[in-house]
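Quick notes on the structure that follows.
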């Protein structure tokens, strides 16, 4: 998977959550409940083995293996039997195992499959565990946004060991060659919201650096093809939400949403500062081709820029009329409902982000790999985190962005909605009127709520 795809993981892995997937999920729930409704920890840590199913991006496998080894060193009575599975089909594999009574004990997850997993009681919420250990664990030390993303219907299903709010990065060499001020010029003062780094300003400077034709063309900006990112960045900036908080009414065709979508689409059709999908995919390594001035990045992508040949800069997301927001793709470990050793599973789950403030836990290995930002506020002063930042990364930008993470409620069929939005996004980029496309999409989403 390319490191710039949606969130940290690819929605395609959950494409099975259409009609067939939901049918499977309906069969899974009773099996999961029957196996795990009354399951509790054995009360003993002697000889406990936890099956841990996870996936790994390129370069991440070493991080996961180091976490497992470190945990077993610190907790020698708990063995972690790690199972690396392919990204494609991971969710289907877990659901099939649950239906067959052969589920793992703990499972990697992010916001994409969580609504389904939680609604079908595949995972158990961890609120009671966090409250029980609150004196040491201190859940309030975590940033609210990422924890909110890992929650469903008001219950937390895991505390994040990975977090990487989406940033704006830019090719400084393109701006210097054109004599155009770089985005950080306008972002000064973002700490107290006195900056002028707005979506209008982004479109303005993108137009100033766009030039050339054919293979030599320099593109000013590329908006990601992701509803997840749209919801949490430019839609939020215009005050647009995809549905009401109670998940009963779709609102993706609201005037605010239409305005926000139109603004982004205009960068493709009117000002032509953004390449179409085919052109973008044809660029060698996309942004690393040196042909795009302004891009977006999540922290997990940073290692891919260690050897980049041009100078990079990093700033916060632009702000819209209603403020500045960003999206995140936090990762956590969920405790499966059929797990017979839930206390030990919680011990592993809370080790990964650090079991108390200023304790790195598994995040030590995330920081050493330059992958995650701290999920605990107390860890932003960690020398391990700061010493492994790349030369162009700014911890203040990361910390400010962590406080701007949007975490809307997500319906159980969220992955299907993402796919529907992408189809309509593509249609809008090809010229379908924005209001017409969003009216149609709103009806589709309403049917899924």
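General remarks:
- Scope segment 341-358; condition surrounded by fewer than 24 Cβ atoms within 10 Å (Cβ to Cβ), out of contact with any strand residue (DSSP E or B) (no Cβ under 7 Å at 6 or more places or on another chain) and either under 21 Å from residue 148 (Cα atoms) or at pLDDT below 95 (or both); matching residues: 351, 355, 356, 358
- Extreme residue, farthest from residue 247 (Cα to Cα), among residues of segment 133-156 that are assigned to a loop (DSSP other than H, G, I, E, B) and in contact with a strand residue (DSSP E or B) (Cβ under 8 Å, 6 or more places away or on another chain): 143
- Checked against the criterion of being assigned by TED's automatic domain parsing to the domain that holds residue 373, under 30 Å from residue 200 (Cβ atoms) and in contact (Cβ under 8 Å) with a residue 24 or more places away in the chain, segment 116-138 contains not a single residue that satisfies it.
The values are calculated or read from the model by the stated rules, or taken from the named source; none is laboratory data. Keep in mind the model is a prediction, meaning the values are calculated, not measured. FYI the Cβ positions are ideal-geometry reconstructions off the backbone, even for glycines, and counts take in every protein chain you see.
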